[in-house]
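Visitor: The following block contains the structure, expressed as C-alpha cells.
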Amino acid sequence: MPGPNGTRRRPPGPRGLPLLGSALDFRRNPLETFLSAWRDHGDLVQFRGPVPVVLVTHPDDLKHILADNFDNYPHPDDFNRKVGVSVGQGLVTTEGEVWRAQRRTVAPTFRREPLERFAGVMVDSTQRMLGRWDRIARYGETLDARTEMQSLTLEILARCLFRADWSRDALALGSAVATQLEHINGKLIAVADIPEKVPTPRNRRFRAARKLLDDTVYRLIAERRAEPLDGDAQDLLSMLMHTADPETGRLMTDEQLRDQVMTLFIAGHETVAATLSWICHLLSTRPAETDRARAEVQKVLGGRTPTMEDLPQLKYLKLFIQEALRLYPPLWQVARMPLKDDVLSGYHIPAGSFLLLSTYITHRNPEFWDNPEGFDPERFTRERAAARPRYAYVPYAGGPRNCVGMAFANMELTIVVACLLQRFHLDMVPGHPIVMQPDISLRAKHGIRMTLRPVTDAGARAVAAPDVTMPEVAARAGCPLAHDAPDAADPVASSASEPEAEAPQCPHRPAEGSGNE
C-alpha cells in the first residue's frame, strides 16, 4: 500500500514469530539477526515484534538521520531513561537546547590543543602496564587483552580527569564503573525493566556503585572548587569547571559536572578499551600489517616513547587503527526515533519508529568496501577513501552528535598501540574462542587470551629496560594487573600450559577463596 507522497508504506523484513516477531532472535544473536535480514531484504529492514524495529544501514540514510535532518532524530526516550539512571543528564542522554548548551560548553575541552597536555599521561600509564607485562612474558603466563585494556583506559581517563587524586580510589572506581556498565547493558536488553528502587541484588549493587561514584566525584569537584585555577596543572575536571557556554556565559553546576564526568566514565573508557582489545587481536593475527606498523614506529621514534608531535608521522599506524575501527566499530549500532514522519530509501517512516543504525553492517557493505571482511589498512589512503561516501565509515557516529571525545580517543589509541609495538609481539592462545558480544560497545565475549614475546631489536630495548615497578596504587588499593582465573567453562584457558618455573605470587593478588576473583 502506498504511503504519503507516493512512498512505499513499510520496509521489507522477516515475518518472525506470531506476536513476538524477531524479539527472541534479537536476544539470542542480534548481530547475526541483523546481518541475515540485511542480506535477505536490503539496506532498510523492518522487524516485527512487540516494538517494531527498523534497521538502517545505507550511508545515504545514515547521513540523512545523523546530519541533514538530525533535529528530527533524537535518541529514543527509553534509551535516555535507561542510560540516564547512571550518567544523569549528560551529553549522551539530553536533547534539544539542553544538549546544544552542553555541547557548546564541553566541546572546546576536547579539541586537539587542550588535549596535548594529556599525551604524557597516556604514555606513562601505558609504560606502567607494559612493565607489568614484562613479568607475564618472563614466566610464560597468559593475559586477557580485554581486561588489560579496560584497566588501562580507566586509569588514563581517571588520571586525565582528576590528576593524581584518582589513585586512592582506583580499585573502587574500577569496580563501580564495571557495575554501572553491567547494569546499563542489562537494562537495554531486558524484556521487563525493573525500577532501581526495587531491592533486587542487581539493583542493590548498582545503587551502591552509583553512590560510591557520586561521593568520589562530588568530593573531587569540591576540592577543585576550593583551588585556584592553575593552567599548568589542569585536569579535565578543572577544564570543564572553568569553561563557560560561549553563548550564555554560564558555567556548569556541580550536578552538571557530575553528569559529564559519569558520561565520560561510562561511555568514554569502555569504547576505547573495546577497540584496543580488538587491535591486540589484529596484531596477533595479521603479521604482515603488524610488522609494517612496527617498522614505522621504530623508524619514527628510534627507541624513545611517542610524543604528540610524533603522531602525524605514524601514517601507516593511523591506517591500521582506522581499519580496526571499521571491522570492530565501538558504536556498532546507534538508536534514533523520529519526531515527525519522514522518508528513508523511498519508504515512509512514521514518527515514533524505533530505528537502529548499524555501523557494523554499513562498514561491511560490498557496494563500498572491497573484500569487506578482509583486513586492509590501505583502503584508508586518501586516494581510495575519496571514492567512498562520507557516511560509509562512521565508527564514532557522525553529524552534530558525533563523539565529542573523538580526538582524545584517537590520540589514546595511537599512543597506546605505538608503545605496545615497541615492546611486545602478541600471540593468540591457540583455540581460544573469539566471539563478538554486542553490548553498549562491541566486546569480545570470552576475552582475548594472549601470550607475549618481547621485541628484541635495539630500538625497542631502549624503551623496554629496565623493569617498571608497580605504581603507587598497587600498594594502596590492589594490583591493577588483571589476574584473571581461567574460566571453568573455557577448556582452552583452563588447559593452558604452565611455565617451566613457578612464577612468584603477586603480593597484591587476592588469595584463592577470598571471594574477590
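Visitor: Calculated FRET efficiency, E116 and E223, Cβ-Cβ r, R0 22 Å, to nearest 0.05?
Guide: Details: r = 25 Å, r/R0 = 1.12.
It comes to 0.35.
Visitor: Work out the length of the dipole vector of the stretch 285-436 about its Cα centre, built from +1 on the beta-carbon of each Lys and Arg and -1 on the beta-carbon of each Asp and Glu, and round it to the nearest 20 debye. Numbers along the way, then the final one.
Guide: Details: 18 positive and 16 negative charges, 51 e Å.
Charge dipole, the stretch 285-436, about its Cα centre: 240 debye, nearest 20.
Visitor: Sorting R39, R326 by accessible area (1.4 Å probe), largest first, what list results?
Guide: Values: R39 150, R326 0 Å².
Sorted by accessible area, descending: R39, R326.
Visitor: Can you give me the three principal axis dimensions of the stretch 115-157 from its C-alpha atoms, in Å, biggest first?
Guide: If we take the Cα atoms of the stretch 115-157, the spans are 37, 17, 10 Å.
Visitor: Another question about this same structure. Run through all the Cα pairs of the stretch 165-305 and give the fraction in each 5 Å bin from 0, expressed as whole percent.
Guide: That works out to 2, 8, 12, 14, 14, 12, 12, 11, 9, 5, 2, 0, in percent per bin.
Visitor: Mind ranking T271, T456 by accessible surface for me, highest first, 1.4 Å probe?
Guide: Numbers: T271 25, T456 105 Å².
Correct descending sequence by accessible area is T456, T271.
Visitor: What is the ratio of the Cα radius of gyration of the stretch 226-288 to 2.2 N^0.38 Å, where N is its residue count, to two decimals? Display every interim value, and only then the final one.
Guide: Values: Rg = 17.9 Å, N = 63, 2.2 N^0.38 = 10.6 Å.
For the stretch 226-288, the normalised Cα radius of gyration is 1.68.
Visitor: Continuing with the same structure: Please arrange D291, D77, D25, D245 by accessible surface area, largest first, computed with a 1.4 Å probe and ligands excluded.
Guide: Details: D291 85, D77 120, D25 60, D245 10 Å².
Descending accessible area places them as D77, D291, D25, D245.
Visitor: Additional query: Hey, which of these cross-link pairs are over 19 Å Cα-Cα: K187/K340; K82/K340; K82/K211?
Guide: On the way: K187/K340 27 Å; K82/K340 23 Å; K82/K211 17 Å.
The pairs that break the limit, which is 19 Å between Cα atoms, are K187/K340; K82/K340.
Visitor: Now for a different question. With N residues in the stretch 373-452, what two-decimal value do you get for its Cα radius of gyration over 2.2 N^0.38 Å? Show your work: numbers first, answer last.
Guide: Values: Rg = 16.1 Å, N = 80, 2.2 N^0.38 = 11.6 Å.
So the Cα radius of gyration is 1.38 times the expected 2.2 N^0.38 Å.
Visitor: Can you give the relative contact order of the stretch 152-298 as a percent, counting alpha carbon pairs under 8 Å and 6+ residues apart?
Guide: Values: 85 pairs, mean separation 44.8, N = 147.
Dividing the mean separation by the residue count of the stretch 152-298 yields 31 percent.
Visitor: Whole-Hz Karplus ³J(HN,Hα) for the stretch 107-112, in order, using 6.51 cos²θ - 1.76 cosθ + 1.60 and θ = phi - 60°, x for Gly and Pro?
Guide: Along the stretch 107-112, the couplings run 3, x, 5, 9, 7, 4 Hz.
Visitor: Could you compute how fast the stretch 72-167 diffuses translationally, taking Rh as the Kirkwood radius over C-alpha pairs and applying Stokes-Einstein at 10 °C with viscosity 1.306 mPa s? Give it in µm² per second. Show your work: numbers first, answer last.
Guide: Values: Rh = 16.5 Å.
Result for D is 96 µm²/s.
Visitor: Another one. Just tell me which lysines come within less than 20 Å, Cα to Cα, of K299; anything on the same chain fewer than 8 places away is out.
Guide: K315, K318
Visitor: Run the numbers for T248 and A407: contour at 0.36 nm per residue of separation, minus the present Cα-Cα distance, in nm.
Guide: Net length gain for the segment: 54.7 nm.
Visitor: Further question on the same structure: With r defined as the distance between the Cβ atoms of K340 and R9 and R0 fixed at 22 Å, what FRET efficiency is calculated, to the nearest 0.05?
Guide: Numbers: r = 17 Å, r/R0 = 0.77.
Using R0 = 22 Å, I get an efficiency of 0.85.
Visitor: When N is the residue count of the stretch 1-84, what does its C-alpha Rg come to as a fraction of 2.2 N^0.38 Å? Provide the component values of the computation, followed by the final result.
Guide: Numbers: Rg = 14.2 Å, N = 84, 2.2 N^0.38 = 11.8 Å.
That ratio works out to 1.20.
Visitor: OK, next. For a Förster distance of 60 Å, can you work out the FRET efficiency between the beta-carbons of T456 and R202, rounded to the nearest 0.05?
Guide: On the way: r = 48 Å, r/R0 = 0.80.
Here the calculated transfer efficiency is 0.80.
The values are calculated or read from the model by the stated rules, or taken from the named source; none is laboratory data. Note that the structure is predicted; figures quoted are calculated from it, not measured. Counting neighbours? That spans all protein chains shown, and the Cβs are built from the backbone with ideal geometry, glycine included. Each accessible area value is taken on the protein alone, full model and side chains, heavy atoms only, with ligands, DNA and RNA left out. Shrake-Rupley method; radii C 1.70, N 1.55, O 1.52, S 1.80 Å.
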